[in-house]
Structures are given as C-alpha cells and as structure tokens.
Amino acid sequence: MRAAEHGGVALVQETGAAEDSGTIDGAREIVDEAEGIIDGVARGAEEGGTPAPAAAPRGEVWSDSRVAHMLERLTSDFVLDNTYREQHLSLTASENYPSKLVRMLGGGLQGGFYEFAPPYASEPGEWSFPDSGANASLVAKLTGIGRQLFEAATFDWRPNGGSVAEQAVLLGTCGRGDGFVHFAHKDGGHFALESLAAAAGVNTYHLPMVDRTLLVDVERLATLVSEHPEIKLVILDQSFKLRWQPLAQIRAALPEGVFLAYDASHDGALIAGGVLPQPTLLGADAVHGNTHKTIAGPQKAYVAFRDADHPKLRQVSDWVCPQMQSNSHAELIAPMYVALSEVALYGHDYARQIVANAKALAGALHEEGVRVSGESFGFTETHQVHVITGSAADALRLALGDLARAGIRTTNIEVPGSNGLHGLRLGVQAMTRRGLREAEMREVGRLVARVVLRRAEPTAVRAEVADLLQHFGLDRLAYSFDEYVDSPAAARLLGEVFR
C-alpha cells in the first residue's frame, strides 16, 4: 500500500512532488514491515493461509482475524506518524508535544458524561446531572491551578479551543451596533473574530501600530476609542507575536467601561513561568487562550477573569456554554490539570529556556545571512522567530516544499512590520520540550539557512535533521512528568483511568 493511503497524504500534498519525497526512509521501512504483518493477517497466514473474509454482512459478528486486520491497519498509520514526529524538527509556533500522562489521561470515562457547571454560582436546572462527585473534584483542582497561574479570580476550563474562548469574549461584551478593536491580520491578529463580528453587527477596528517597534501606538489608540464611543472591547489577539505589548499603558488609555482582554494562546507558559508579566495585574479584565502551544496540553482553552464579580462574567461564560457548545469534553479536565501542573512545577525554567532558544535560533539565522525580523529589539521576546523571505508564493513554497522535504516543519505568514512581505513563523517551544538548548538551536538555524538561503538539497539536510534528533527522543520529554510515568503512583492512576 502506498504511503498516501496510510495517512501520509499530507506529506505528499505539502511537497507537491512524487510519492517518496514527502516521506522518510526510516518510516517507509517500518511501514513496509507493518504492511507485511497486515497482509499476513489479511491472507489468514497464521491460520493456514485462508483468505481474509469479505466485508461482514450487516449484523454479523466480526471474526478475530477481521478485528486484528483492522487494528493492524490502524497501527500502520501510527507507525508512519510517530516516525515522522521523531525525525522532523517541529518548528511550528502553534503546536507542542504533550507528555505521556497528558495523552493517557484523556482516555478516562469522564467524557461519557456531560459537565456544564459555569464559573459562577448557579442554581440546578435542566442541564444538571447526578454525578459521582469526581468531575466536581477534578474541576476544582483544574480551576484552582488555573487561577493561580494566571492571577485570576475565575478560570473557565470549558472552551473547546482558543477560537471559542475569544469569540465568547466578543459576543459577551459587544452587541449589535457596538465596536471592538483588535490586531489587523497584517499585524498578527487572529482570524476568528472579524467574520463573526460582521454577522453579529459589531463594528471592527484595528489597533494602530508602530511598524518599526511592532508595538501598539497607545496615543493613537486612545484617539480611536475617543472618536468611536461604541467601542466596548479591546482584545490583544496577536498570533504572530515577537514582543510584549504595553498593556498597562493601554489600560490607562481606555475608558473604564471598555473591556480589555488578552489572548495568551501563544505565550501562556511564558506568562505563567514569569518571563512575561501577568495581564490581569496590568489591568486586563480577562486573559484567555488555548492550552496546546507553549502550554503542552490538550487542544482545549480557558477564560480567566480578574474579578469574580465582573458584570460581563456571566455573559461571556454563557456564550462558551451552552450557546456556542454543549459538550465541553470533560475527559480533558485531567489532562489540562496535568499540563498546567507541569507548568506550575517546571514553568520557571521552561519559559526561560524557550526565550533563550528563540534568541539563539534568531541570532544563528541572522549570522547566516537570513533576513530575520526584529533586529532593533533583539529579534524576539517570545517563543517565535519571524523570517522574511519575499512573496507569499515564496514563503509557501519553502514551508510546504523545500523545508518539509528537509524534515523541518513550519508555516508561512505575512510578517508583521515588513510592509506586506511574507515569510516563516518559527517556534521553539516543542523542540525545547524535546530537550534542545542554545547550542542545538544554533545548529537548527544553520540547517534552516541551508535550505532557505543556499538552496541545499532537501534530502541531504533531512539526513542531518534526523541525525540531530536521534539524541532528543519523544520518550522522556523535558519539563514534563514523563520521568514519573512508570512510578507506582502513576500505575495506580492509570489503572483506574483504564479500568
């Protein structure tokens, strides 16, 4: 069977080349071996060579060999994907490697029951269900650590993604005829708000920026809000993010009734780890974000309010659930708690290593002659590094073509402050979890430069990437609880999860 039929289609599509160009030699060998097992089962090789039966008629019980055949087919998909992850540099700014406990705890039975409780006091109603009490205990653990990490009075764990969280903030603070302000796309603003605002009759305005510094022009923002009194929300929703914004000055420039929200999807672990300031302590009414970028958790999100009595708390919370989603995936409460606990325990060192790695990568790229954004402020203050390459087509070709074939995973963007030029958004958080430090990140910079600047043969670079990563496996991630996964306490926990 071809690689494309095993879930490798994304690899083929991202290169636009022949079948083998999007795969890894090692993965091919392993998949071929898995295919041999599969074909053996399909032929009934272990049962005397009897051919595999045709698809079972409706209602017929599957035979053991048919189930084994199905499981082996699934296994080959995981073989291919695991090998891909092991042998590729993950330099996307929006993904991470969750630890084993985070991954395994999502297999609990909690997802079979609903959990609706909002982050405010409420009376039982038609959405109330009898429960063992375990969900309430898990929620209390999660909300407690969430409030602690983000200096907040509430922590709503229910959003099923960062888009839901920020959309709930928009709909909970603005009505028809109101206005909100956020980053324009060219300045890194998130894609999830403007279409929704238009459908809801909410006017959209963009934060004025200083292109040279990539900072919000606070004086011009104050003028904008003064001239448009319908503005009810300012949301700092930057996804292409190299710098911390002047949040205290922004708060001071806004009228008291304007809601200030900070999207920490990208820099949540940097905030919780103390590298960046706490938004709620600088005047943000709420901080929100997802839990799978610098925070290495499941694909969930949160909204945390500074004040438990805030007049918009109920509206924002009700937009999360029940108005935008009815199922909050309670099976992910425990994985979220473990991911945040890893940040609480290791976040100080993890956050500092992320920034050190980002600076090392940016500096190495710059020394190699690659055009890196932000030289005037040291290239980056976060986990991200922005490389300017030229046109949108050039950036797309690199991200989904040459770099992908070289074993380097990244994405293309319109680079903020570059007058419409495009390039690459690199992130170092995932490789920091694999244990890479400054020396290795400088080597990564050299490898990226060979592809981007010197047009090296991607397959040759891919071999060097695989050689580098063989020393940094996925079995024991840094800044995680992976070293405890074989402990008696973890065995007892997992025994109950899978009981």
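Couple of notes before you dig in:
- Residue selection: residue 489 fails the criterion of being in a helix (DSSP H, G or I), buried (at least 22 other Cβ atoms within 10 Å of the Cβ) and either modelled with pLDDT of 95 or more or of a type outside the set (D, E, K, R) (or both).
- Checklist (1) without any contact (Cβ under 8 Å) to a residue 40 or more places away in the chain; (2) in a loop (DSSP other than H, G, I, E, B); (3) open to solvent by less than 30 Å² (accessible area, probe 1.4 Å) applied to residue 152, failing item: (1)
- The residues on offer are 267, 217, and the sole one that is at pLDDT 95 or above and either surrounded by 22 or more Cβ atoms within 10 Å (Cβ to Cβ) or of a type in the set (Gly, Ala, Ser) (or both) is 267.
- Test: residue in the stretch 275-290 that is open to solvent by 40 Å² or more (accessible area, probe 1.4 Å), among the β-branched types (Val, Ile, Thr) and within 22 Å of the chain's Cα centre (by Cα): yes
- Scanning the stretch 168-183 for residues that are open to solvent by 10 Å² or more (accessible area, probe 1.4 Å) and of a type in the set (A, V, I, L, M) returns a single hit, 171.
- Screening residue 471 with (1) closer than 25 Å to residue 348 by Cα; (2) surrounded by 21 or more Cβ atoms within 10 Å (Cβ to Cβ); (3) free of Cβ contacts under 8 Å to residues at least 40 places away in the same chain; (4) not aliphatic (A, V, I, L, M) gives one miss only, at (2).
- Evaluated against (1) out of contact with any Asp or Glu (no Cβ under 9 Å at 6 or more places or on another chain); (2) touching a residue at least 40 places away in the same chain (Cβ under 8 Å), residue 417 falls short on exactly one condition, (1).
- Screening 249, 278, 245 for residues that are of a type in the set (S, T, N, Q), under 15 Å from residue 216 (Cβ atoms) and touching a helix residue (DSSP H, G or I) at 6+ places or on another chain (Cβ under 7 Å) leaves exactly one candidate, 249.
- All told, residue 344 meets the bar of being surrounded by fewer than 21 Cβ atoms within 10 Å (Cβ to Cβ), under 24 Å from the mean Cα position of the chain (by Cα) and hydrophobic (A, V, I, L, M, F, W, C).
- The strands (runs of 3 or more DSSP E) found wholly in the stretch 156-244 and carrying at least 1 residues that are touching a residue at least 40 places away in the same chain (Cβ under 8 Å) occupy 179-182, 231-236.
- Among the residues making up the stretch 92-126, those that are among the acidic types (Asp, Glu) and loosely packed, with under 14 Cβ neighbours inside 10 Å are 123, 126.
- Residue within the stretch 395-407 that is outside any helix (DSSP H, G or I), in contact with a helix residue (DSSP H, G or I) (Cβ under 7 Å, 6 or more places away or on another chain) and not acidic (Asp, Glu) present: yes
- Which listed residue is modelled with pLDDT of 95 or more, open to solvent by 40 Å² or more (accessible area, probe 1.4 Å) and over 27 Å from residue 384 (Cα atoms), from 248, 253, 222, 199: 199
- One residue from 381, 368, 342, 375 being without any contact (Cβ under 8 Å) to a residue 12 or more places away in the chain and on the phi < 0 side of the Ramachandran plot: 375
- Condition met for residue 433 (on the phi < 0 side of the Ramachandran plot and either under 17 Å from the mean Cα position of the chain (by Cα) or surrounded by 24 or more Cβ atoms within 10 Å (Cβ to Cβ) (or both)): yes
- Residue within the stretch 134-145 that is among the hydrophobic types (A, V, I, L, M, F, W, C), open to solvent by 60 Å² or more (accessible area, probe 1.4 Å), outside any loop (DSSP other than H, G, I, E, B) and farther than 26 Å from residue 348 by Cβ present: yes
The values are calculated or read from the model by the stated rules, or taken from the named source; none is laboratory data. Since the model is a prediction, treat every value here as computed from it, not as a measurement. As a convention, Cβ positions derive from the backbone with ideal geometry for all residues, glycine included, and neighbour counts pool all protein chains shown. Just so you know, the surface numbers come from the protein's heavy atoms only, side chains and all, with ligands and any DNA or RNA stripped out. Shrake-Rupley method; radii C 1.70, N 1.55, O 1.52, S 1.80 Å.
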